[in-house]
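Have a look at the structure below before the remarks.
Just so you know, all these numbers are worked out from the coordinates, no wet-lab data involved. In this text the structure is predicted, and so the values were computed from the model without any measurement. All Cβ positions, glycine included, derive from the backbone under ideal geometry; neighbour counts span all protein chains shown.
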């Protein structure tokens, strides 16, 4: 009788507290999310700033270029048009797409959402390639109506230290 009571209590605890997903549904429920409205404050063509990037040549060194940014929204995708006044051949376009469930920015998993100095801070990561080698790329987005930045940190596979690959910083 005592064994059947223990079995019954164990079954009730498993049913109440756990499931076959190993808590994954609970983890997803509490996972940080991004909203389309988080990026909507960026729309407009009046951003000025700079790009700092680590070049691939030896010896590696940071290079900084003046940059201007215009942001347009198309549903859950934000089109970033970046121009470089001193290097117009480098002008380009990038997209930031917020997934329907808010768990991804492009293919990057959102791992943190916080506020810092009045700015929304989103952190995301994904497996990537850097200089032809497997790596982990970590992105930090700082978003406010008058300030926006994106920092990309790279940790090459098998190495413990991350380095900054690029940093965009804009103000209006």
Query raised in the report: Taking square-rooted eigenvalues a ≥ b ≥ c of the alpha carbon gyration tensor, is region 28-172 rounded, prolate or oblate, where a/c under 1.5 means rounded and, failing that, a/b exceeding b/c means prolate?
Result: oblate
Query raised in the report: Taking 0.36 nm per intervening residue step and subtracting the Cα-Cα distance, what contour gain separates residue 66 from residue 90 on full extension?
Result: 7.5 nm
Report summary line: Between residue 99 and residue 146, the two model label points (7 Å from Cα along the beta-carbon direction) sit apart by a distance in nm of 3.5
Requested in this report: List 124, 114 from most exposed to least, where exposure is judged by having the fewest other Cβ atoms within 10 Å.
Outcome: 114, 124
Query raised in the report: For the residues 111, 34, 154, what sequence is obtained by ranking on other C-beta atoms within 10 Å, fewest first?
Result: 111, 154, 34
Report task. Between residue 76 and residue 37, with labels modelled 7 Å along Cα→Cβ, what's the label distance in nm to one decimal, could you check? Result -> 1.6
Query raised in the report: Relative contact order for region 50-102 using alpha-carbon pairs under 8 Å, separation at least 6, rounded to a whole percent?
Result: 25
Report task. Quick one: grab the alpha carbon gyration tensor of region 35-110, order the square roots of its eigenvalues as a ≥ b ≥ c, and give me rounded if a/c is under 1.5, else prolate or oblate depending on whether a/b is larger than b/c. Result -> oblate
